[in-house]
Amino acid sequence: MAEEDDNYTKDGTVDYKGRPANRKKTGKWRACPFIVGCECCERLAYYGMSSNLFLYFTNQLNEHNAAASKNLSNWAGTCYVMPLVGAFIADSYLGRYWTIATFSIIYVIGMTLLTLSASVRGLRPTCQKKDKCHATWSQTAVCFVALYLVALGTGGIKPCVSSYGADQFDDADEDEKLHKASFFNWFYLSINIGALTAGTLLVWVQVNVGWGLGFGIPTVAMGGAVVLFFAGTRLYRYRKPGDSPLTRMCQVVVAAVRKRNVPLPDDISLLYETSDADSVIVGSRKLEHTNELRYFDKAAVEIESDHVRDSTNPWSLCTVTQVEELKGIFRLLPVCATGIMFSTVYGQMGNLFVLQAVYMDAKLTQRFAIPEASLSIFDTLSVIFWVPVYDRLVVPAARRLTGCPTGITQLQRIGVGLFVSVFAMVAAAVLEIYRLREVVRHGPGTMSIFWQVPQYFIIGCAEVFANIGQMEFFYGQAPDSMRSLCAALSLATTALGSYLSAALVEAVTVASARGGAPGWIPDDLNRGNLHYFFFLLALLSVVNLVVFVFVARRYTY
């Protein structure tokens with residue numbers, strides 16, 4: 001643990017009065033392998049469980065295609081909305097270290113219960129033969145309780161672990177600051193190494209050996225993630241949690257409304273701020289005043305009633321830094337909203353791409369067939385290919401052209417990812433058109449599953465730009481004491497994308513299945529029009545890209 005000095009607390013936490021204590025022995029790449037390794041194991045557990053979950057719902061729980069798609073999307077959405085809870089706890093009370101540790105244990109409990117629900121007699125579904133099973137209401141309930149415990153566990157890990165890794169690099173040190181940008185690339189690479197193992201070994205085990213072992217291995221991996229995280233405890237740098245960021249934002253809104261009739265001073269130096277060199281907000285530096293969203297500046301206007309007592313009332317008078325925190329969150333929201341559509345597209349890999357693959361020829365030989373969900377490895381391989389290419393080739397080349405330290409700006413990187421994602425949906429739609437033609441010409445199940453590779457590879461390329469760009473953007477633009485919260489906002493786009501996918505499936509099912517028609521996504525996909533749904537996502541992605549360009553051009557870093 002870091003040593004005590006005049007600027008830091010006894011536990012080695014950083015409060016921005018200087019550089020991290022004992023910085024030569026802690027943090028940087030010395031600490032990051034434990035964090036990156038923990039994330040790799042956690043993602044192996046998550047994708048090992050979730051990649052094939054659509055087929056578990058349809059084959060083991062006996063759900064219809066549309067119902068399974070909606071349930072999977074809703075659960076995935078919850079996995080990515082729970083980080084808002086975890087971020088609040090991390091920023092307000094526990095700090096990132098203890099939040100990750102606590103929620104990881106909840107995660108392991110959920111994974112253990114899921115494994116039991118798939119392997120213990122009485123808890124697991126009853127099967128007449130392979131993939132022809134029936135689950136009682138109670139068996140289904142146990143399964144979903146386990147899944148939503150996992151969703152709660154992810155809520156404390158996902159918003160904190162990437163930020164915690166970035167915390168190991170000091171913004172005041174230019175060399176460490178450059179390494180931080182590289183950290184996000186390699187952090188995301190570790191995610192996909194875990195996903196690669198899950199999409200090959202674990203999916204095969206689930207299909208060919210059994211779901212009990214197929215869920216049991218991810219459970220062990222998650223236990224390994226917890227052990228690995230604790231193993232690096234002495235090497236980490238720590239930041240003290242402040243008070244609740246949500247409370248501070250509410251205080252600004254309430255104070256501004258109370259003073260809605262108070263005129264703003266022409267001289268911004270008259271706005272209230274502490275005279276100390278440091279912010280009163282624990283874990284945050286002072287923020288300079290900006291001219292955007294001036295209405296909230298009213299919260300920092302001093303009037304006579306603010307000083308009736310010895311101390312100021314935070315619900316009637318706020319500091320400029322506190323006001324700027326709220327402004328910073330509001331500036332991020334439009335960028336956050338444009339990530340929803342990308343998440344909808346990305347979510348199809350574990351959803352309708354798998355359904356499409358079920359109706360294709362998955363055989364490599366007469367005896368060996370590829371599990372449908374294993375095609376996601378080509379998304380992972382794409383990421384593994386593009387991360388080093390981007391980090392070692394694209395960034396240096398772009399840096400020479402633009403003069404930007406990161407080659408291109410974070411928003412430009414996100415925009416490229418949104419643009420590329422459109423072609424993934426077009427590729428999926430075109431493939432479905434040709435697959436239906438092959439059904440008419442040669443019968444069902446004759447088109448090779450490997451024709452799906454391009455759509456997976458394109459999404460992998462889009463990920464490297466959009467997802468990593470979002471991680472870096474939200475961490476870099478977040479107020480110091482709100483970085484977990486802002487990471488959670490970024491993840492919330494994935495949640496909303498999953499909910500949007502479920503809503504779109506429900507809408508097109510109702511609209512297209514009228515009058516006895518099979519609809520776009522029927523139980524027999526050979527009678528449907530899944531390509532219409534993919535084209536719809538491509539069209540919505542184009543509209544979203546136009547909106548993003550409009551937002552990005554007006555954003556001030």
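The values are calculated or read from the model by the stated rules, or taken from the named source; none is laboratory data. Everything numeric here is computed off the predicted structure, so don't read it as measured data. Every residue, glycine among them, receives a Cβ derived from its backbone with ideal geometry; neighbour counts consider all protein chains shown. Areas reflect the complete protein model, heavy atoms only, side chains present, ligands, DNA and RNA absent. Shrake-Rupley method; radii C 1.70, N 1.55, O 1.52, S 1.80 Å.
Evaluate the following for Gly165: is it of a type in the set (Gly, Ala, Ser) and farther than 23 Å from Ser190 by Cα?
no
Against the test of being within 19 Å of the chain's Cα centre (by Cα) and either modelled with pLDDT of 90 or more or not β-branched (Val, Ile, Thr) (or both), the options Ile384, Ile414 yield a single qualifying residue, Ile414. Screening Val227 with (1) among the hydrophobic types (A, V, I, L, M, F, W, C); (2) farther than 27 Å from Val150 by Cβ; (3) open to solvent by 30 Å² or more (accessible area, probe 1.4 Å) gives one miss only, at (2). Checked against (1) hydrophobic (A, V, I, L, M, F, W, C); (2) in contact (Cβ under 8 Å) with a residue 24 or more places away in the chain; (3) surrounded by fewer than 20 Cβ atoms within 10 Å (Cβ to Cβ), Ala90 passes all but a single condition, namely (3).
Restricting attention to region 320-340, and to residues there that are more than 19 Å from the chain's Cα centre (by Cα) and open to solvent by 10 Å² or more (accessible area, probe 1.4 Å), which single residue is farthest from Ala478 (Cα to Cα)?
Val320
The set of residues in region 201-212 being open to solvent by less than 50 Å² (accessible area, probe 1.4 Å), out of contact with any helix residue (DSSP H, G or I) (no Cβ under 7 Å at 6 or more places or on another chain) and part of a helix (DSSP H, G or I) consists of Val207 alone. Beta carbons closer than 6 Å, at least 6 apart along the sequence or on distinct chains, pair a first residue in region 421-444 that is of a type outside the set (A, V, I, L, M, F, W, C) with a second that is open to solvent by 30 Å² or more (accessible area, probe 1.4 Å) for Glu438/Thr446; Pro444/Asn526.
Tell me whether region 247-256 contains one or more residues that are open to solvent by less than 80 Å² (accessible area, probe 1.4 Å), of a type outside the set (Gly, Ala, Ser), assigned to a helix (DSSP H, G or I) and under 18 Å from Arg96 (Cβ atoms). There is no residue in region 247-256 that is open to solvent by less than 80 Å² (accessible area, probe 1.4 Å), of a type outside the set (Gly, Ala, Ser), assigned to a helix (DSSP H, G or I) and under 18 Å from Arg96 (Cβ atoms).
Right, Phe215: closer than 30 Å to Lys363 by Cα, aromatic (Phe, Trp, Tyr) and part of a helix (DSSP H, G or I) or not?
Yes; evaluated as a whole, the condition is true for this residue.
The rows are residues; the columns are (1) in contact with a Gly (Cβ under 7 Å, 6 or more places away or on another chain); (2) open to solvent by 20 Å² or more (accessible area, probe 1.4 Å).
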site: Ser104; (1), (2): yes, no
site: Met111; (1), (2): no, no
site: Lys129; (1), (2): no, yes
site: Thr136; (1), (2): no, yes
site: Val142; (1), (2): no, yes
site: Ala146; (1), (2): yes, no
site: Leu149; (1), (2): yes, yes
site: Gly156; (1), (2): yes, no
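Restricting the search to helices (runs of 4 or more DSSP H) fully inside region 48-138 and requiring at least 2 residues that are farther than 28 Å from Ser376 by Cβ gives 83-89, 95-119. For region 482-514: of the residues being open to solvent by less than 10 Å² (accessible area, probe 1.4 Å) and polar (S, T, N, Q), which is nearest to the chain's Cα centre (by Cα)? Among residues in region 482-514 that are open to solvent by less than 10 Å² (accessible area, probe 1.4 Å) and polar (S, T, N, Q), the one nearest to the chain's Cα centre (by Cα) is Thr493.
Is it the case that some residue within region 176-193 is assigned to a helix (DSSP H, G or I), open to solvent by 10 Å² or more (accessible area, probe 1.4 Å) and β-branched (Val, Ile, Thr)? Yes, region 176-193 has at least one match. For Val430, the stated conditions do not hold, so it cannot be described as assigned to a helix (DSSP H, G or I) and under 20 Å from the mean Cα position of the chain (by Cα). Selection of region 401-433 for residues being closer than 15 Å to Val547 by Cα and among the β-branched types (Val, Ile, Thr) yields Ile414, Val416, Val422. Exactly one residue out of Ala172, Ala198 is of a type in the set (A, V, I, L, M), open to solvent by less than 30 Å² (accessible area, probe 1.4 Å) and out of contact with any Cys (no Cβ under 7 Å at 6 or more places or on another chain): that is Ala198. Every condition in (1) surrounded by 17 or more Cβ atoms within 10 Å (Cβ to Cβ); (2) in contact with a Leu (Cβ under 6 Å, 6 or more places away or on another chain) holds for Asp306 except the one numbered (1). Filter region 515-531 down to residues that are surrounded by fewer than 17 Cβ atoms within 10 Å (Cβ to Cβ) and of a type outside the set (A, V, I, L, M) and give me whichever is nearest to Gly443 (Cα to Cα). My answer is Asn526.
Taking the criterion of being closer than 13 Å to Ala299 by Cβ and either crowded, with 16+ Cβ neighbours inside 10 Å or under 33 Å from the mean Cα position of the chain (by Cα) (or both), the residues of region 257-269 that qualify are Arg258, Lys259.
Listed here are the residues, each with its yes/no results for (1) touching a residue at least 24 places away in the same chain (Cβ under 8 Å); (2) surrounded by 12 or more Cβ atoms within 10 Å (Cβ to Cβ); (3) among the aromatic types (Phe, Trp, Tyr); (4) part of a helix (DSSP H, G or I).
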| site | (1), (2), (3), (4) |
| --- | --- |
| Leu536 | yes, yes, no, yes |
| Asn544 | yes, yes, no, yes |
| Phe548 | yes, yes, yes, yes |
| Tyr557 | yes, no, yes, no |
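If you go through region 165-173 one residue at a time, do you hit one that is assigned to a helix (DSSP H, G or I) and not acidic (Asp, Glu)? Among the residues of region 165-173, at least one is assigned to a helix (DSSP H, G or I) and not acidic (Asp, Glu), which makes the answer yes. Residue pairs whose Cβ atoms lie under 6 Å apart, separated by 6 or more positions or on different chains, with the first residue in region 65-84 and farther than 28 Å from Gly95 by Cα and the second open to solvent by 10 Å² or more (accessible area, probe 1.4 Å) and not aliphatic (A, V, I, L, M), are Asn65/Asp523; Ala66/Thr509; Ala68/Thr58; Ser73/Ser498. Of the residues Gln348, Gln322, Gln356, Gln366, the single one that is out of contact with any Phe, Trp or Tyr (no Cβ under 6 Å at 6 or more places or on another chain), over 29 Å from Leu537 (Cα atoms) and touching a residue at least 40 places away in the same chain (Cβ under 8 Å) is Gln322. The set of residues in region 30-52 that are surrounded by fewer than 24 Cβ atoms within 10 Å (Cβ to Cβ) and within 30 Å of Thr509 (Cα to Cα) contains only Ser50.
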